[in-house]
Structures are given as structure tokens and as C-alpha cells.
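To start, the structure under review is shown below, and the notes come after it.
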Amino acid sequence: MFNRDRWKEILEVLTSNWFRTVLTAFGVFWGILILIILLAAGKGLENGIKSDFGDIATNTMFMWTRRTTKAHMGLPKDREFNFKTSDRELLESRFPELRFISPRNQLGGFRGGSNVIRGIKTGAYNIYGDYPEIIRQDPMGITAGRFLNQNDIREKRKIAVIGEGVVSDLYEAGEDVLGTYIKIQGVNFMVVGTYKKKSNDGDGEEGQKQIFVPFTTFSQAFNRADNVGWMAITAQDGTSITSLKDRIVSTLKEKHKVHPDDQRAIGYFDLYEQYNRVESLFGAMRFIAYFVGILVLLSGIIGVSNIMLIVVKERTKEIGIRRALGEQPWSIKLQILMESIFLTIISGMAGIAMGALFIYGVNTLLDANGPVDMFMNPSVSLGVVMGALAILTASGLLAGFIPAQSAIRVKPIDALRTE
């Protein structure tokens, strides 16, 4: 392995016909480059789509009520009904597997009429009546002050947490926000905190223009009584919300006297199920990337093996002389294997380097021009690179094995007769 003469001989063999060597190496170079680019592109797409989920707890479902489509227990079809605040206690008692149950009410809208006033400035925003747990289900960064707490819920405090977009609309630059008042549909609320949400589309304008107030305060101030607009329900780690979904829906149907077969009365969105579909999609994409990349790499390896067979054929007389002078078959076999491995690894490492430069260039362009929808931060893990090197080493051995076996089967006397 550390024999200088052996390495000198390897270099002489590979450079004696450099054009053939380059063409042979290109097959391996191209195979590993394609593999890295496919994996990086898949990862970039995966990062982009998963960023649309934000930091929201993925083991979550959202539920709301709609009109019934079947008569039940003396009640007519096409009936409207609402979730109640008591539904939270019911679900907590029936389903210990649930981690968070957050009833929510909402009014206004980002594109609706103005519903918030401060001084002479007005704005249209989504106003949410929430429980403190919502920040664990839909995380946000508190930039000043605090978020809602249980005392706010219990004492029905008229306080609000506003987004950075609301601050920029209603306040002057550098103005102190905490302790000031805003008027939401004629009701004064004191600002106790500000937040900023992460988003794939820059600052995420809509996500920063929301206002959160205590659920109980919202219900009292805006005459919602004990009605609930919709609920965010998150399961404990280790239990999928999908496995509980049907039982939760059935429990709420039973309480609100909805026909068990009424599929439309309660609407829901299972985020965990959607997230798993995305995970399955990208698992399939990774498989395709590996499959295509390895096939391309295999074609390069076959090319190396073929060229090594030609090299052995050209060196038949040399091998005969070395055998006649007493060189062991293993030494000749090792020489052929080392030549094959060296050629494969060098060309493969060149492909890895080129792939890294390509990924760096794409990321530089993305940083310079801003994020692209559904595509961000393409990358390949170190584990993939190490795995590629292991594949290259094994491929080099495989590519050289048949030529090496062919070399040691040459009888010295027959080799010396060749011209």
C-alpha cells in the first residue's frame, strides 16, 4: 500500500493513455454528481414544502361545525349548531392522550373592513380569542412583553398581544408599545406583548397582522356566550391525532345530538395526516434519487471494469514476465485492484467536489434573490457523502475484481508468447 514503486506504476498506467482514462473516469464522476444533485434538489423541495407548516405542532387537528344533513333525535336536518366551552372539559376527561385542546373564536379579517382603532389610525386584522396553550400549537416569537396566561383567562382581562405588522401600522417608529391601548370594535384592550412569526415568504405579512386576546374576554366583550368557533387539538407525543380523530368526532356528535352517519356536520383538518403524506412523498423521492443516481454510477463502474480488462489485455506480456520472475499472483491482483480503486475514488471525489460547488452556487443565488416558493436550502448531509465514498470504494473493488482475476489466470509461458 505504501510502496512508492507501486504507486509510480499506477500513475504510469493511468497516464499512458490519458484520454481513455479521462473518459473512463467521467462515467463515475457524472454518476456521483447526478446522485448529489438529485438528493440536494429533493432536500430543497422538502425544506420548502415543510416550511409551509411553519413551527406549528404537526400532531394536531382543527375542528369546526357546519350544518347537519340528517335529522336526529327529533331535531331537523339543515340545523346549525356550535361547539361549547364545555366540550373542552368533555374531551379532556374522555381522552387522556390529548396534550392540548384550544377553543378559539375569531372575528375580523386581514382583508376585511377596519376593526381596530388607535388614535387616528385604523386597520383590519384577524382577532383571535385564545387560550395560552395556542402558543405551543402555533409557535410565535414574543418580541416584547408576554403572551396570554391563565390569570388573563380566569380574570377576563382586557389585554392583547399584537403582531409586528400591527405595530408598524398603528405606531410610529420607535414608539413604546407596551401599556398602550387599542380599540377593537369599540372595546379598549391594553397591549401587553408583541410577537413575530417565522414564515417562508419574507416577514409573512398576514401572519404578523393578528391580535390575540383571552378567550373568556373575547366571549364576554363580543357576546359569544359559551360558543366556540373552532378548536385546535394536539395529541401527546407517541400518539397520532389521526388514530383518535374518529372517536373525538363521534363523542362531539353524541353530545350535540348529531346523527352518527352525518359526515358533513363536523368539519376537520388533520394536519398530522397531511404531514405524513408529505413525508411519504419525499421518502419516495429520495428512493428515486438514490435509484437513478446509483444506476448512473453503476454504468460508470461498468466502464471502469471494461477499461481495466483492456488494460490487462494490453499488459499480458508484462504480467507473464513478472510471473516468470517469481512475483506472487496476489501481488499482481493487488496491483490491478489498486489501479481500479484509485481511478474510481479520484473521479468520484471530483464529482462530490463539483456537486458541493453546485449546491453552494444555488444557495448563494437563493440568498441573493430571496426565497423561492416551495424550494429552499438544498443540501446533502455528511452521512450521504461518507456513504458515497464507501460505495465508490466498494465499486472500485468490484470493477477491478474481474480484471484482476483475469490477470492472475494468465500462465507465464502463454503470456511470454504474446506479441
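Brief remarks on what is shown
- Note that segment 209-289 carries a Kirkwood radius of 16.1 Å, evaluated over its alpha carbons pair by pair.
- Annotation for segment 169-239: trypsin sites (Lys or Arg not before Pro) lying in DSSP loop with at most 13 further Cβ atoms inside 10 Å of their Cβ are K198.
- Cα-based Kirkwood hydrodynamic radius, the chain, one decimal, Å: 27.2
- Carbon plus sulfur fraction of accessible area for the chain, probe 1.4 Å, in percent: 59
- Candidates T194, T344, T122: whichever shows maximal mean-square fluctuation once the chain is modelled as a Gaussian network with Cα springs under 10 Å: T122
- Considering only alpha-carbon pairs that sit under 8 angstrom and 6 or more positions apart, the relative contact order computed for segment 60-273 is 34 percent.
- FRET efficiency, S168 to W330 (Cβ-Cβ, R0 60 Å, nearest 0.05): 0.20
- Between helix 18-51 and the chain there is an angle of about 10 degrees, using the helix long axis and the longest principal axis of the Cα atoms.
- Extension gain (nm, one decimal) between I345 and I288, 0.36 nm per residue minus Cα-Cα: 18.1 nm
- Order by protection proxy (mean Cβ within 10 Å, highest first), peptides 227-240, 330-343: 330-343, 227-240
- T122/M386 FRET efficiency (R0 51 Å; Cβ-Cβ; nearest 0.05): 0.30
- Stretched out straight at 0.36 nm per residue, the stretch from T15 to T69 would grow longer than its current Cα-Cα span by 11.4 nm.
- Percent RCO, i.e. relative contact order, over the chain, from Cα pairs under 8 Å lying at least 6 residues apart: 28
- Segment 60-273: radius of gyration over Cα atoms, expressed as a fraction of 2.2 N^0.38 Å: 1.09
- Per-residue extension of 0.36 nm, minus the Cα-Cα distance of K313 and L397, leaves a gain of 28.4 nm for this segment.
- With each label modelled as a point 7 angstrom along the Cα→C-beta vector, the S299-F26 pair spans 1.3 nm.
- Taking the longest Cα principal axis of the chain as reference, the axis of helix 4-16 is set at about 80 degrees.
- Pair S250, E155: separation of 7 Å Cα→Cβ label points (nm): 4.4
- Top of S86, S347, S395 by mean-square fluctuation, Gaussian network on the chain, Cα under 10 Å: S86
- Average accessible area per residue (Å²) across the chain - probe 1.4 Å, nucleic acids and ligands excluded: 52
- When the C-alpha to C-alpha distance is required to be over 29 Å, the pairs from K70/K158; K43/K198; K84/K158; K197/K257; K84/K209; K209/K253 that qualify are K70/K158; K197/K257; K209/K253.
- Cβ-Cβ distance of I142 and T85, R₀ of 45 Å, FRET efficiency by 1/(1 + (r/R0)^6): the value works out to about 0.95.
- M285, M140, M386, ranked by accessible area, largest first (probe 1.4 Å): M386, M285, M140
- The chain: most fluctuating residue of A160, A173, A144 per GNM, C-alpha cutoff 10 Å: A173
The values are calculated or read from the model by the stated rules, or taken from the named source; none is laboratory data. This is a predicted model, so every value here is computed, not measured. A quick note on method: Cβ atoms are made from the backbone with ideal geometry, for glycine too, and the neighbour counts reach across all protein chains shown. Ligands, DNA and RNA are stripped out before the accessible areas are found, and what is left, the full protein with its side chains, is counted by its heavy atoms. Shrake-Rupley method; radii C 1.70, N 1.55, O 1.52, S 1.80 Å.
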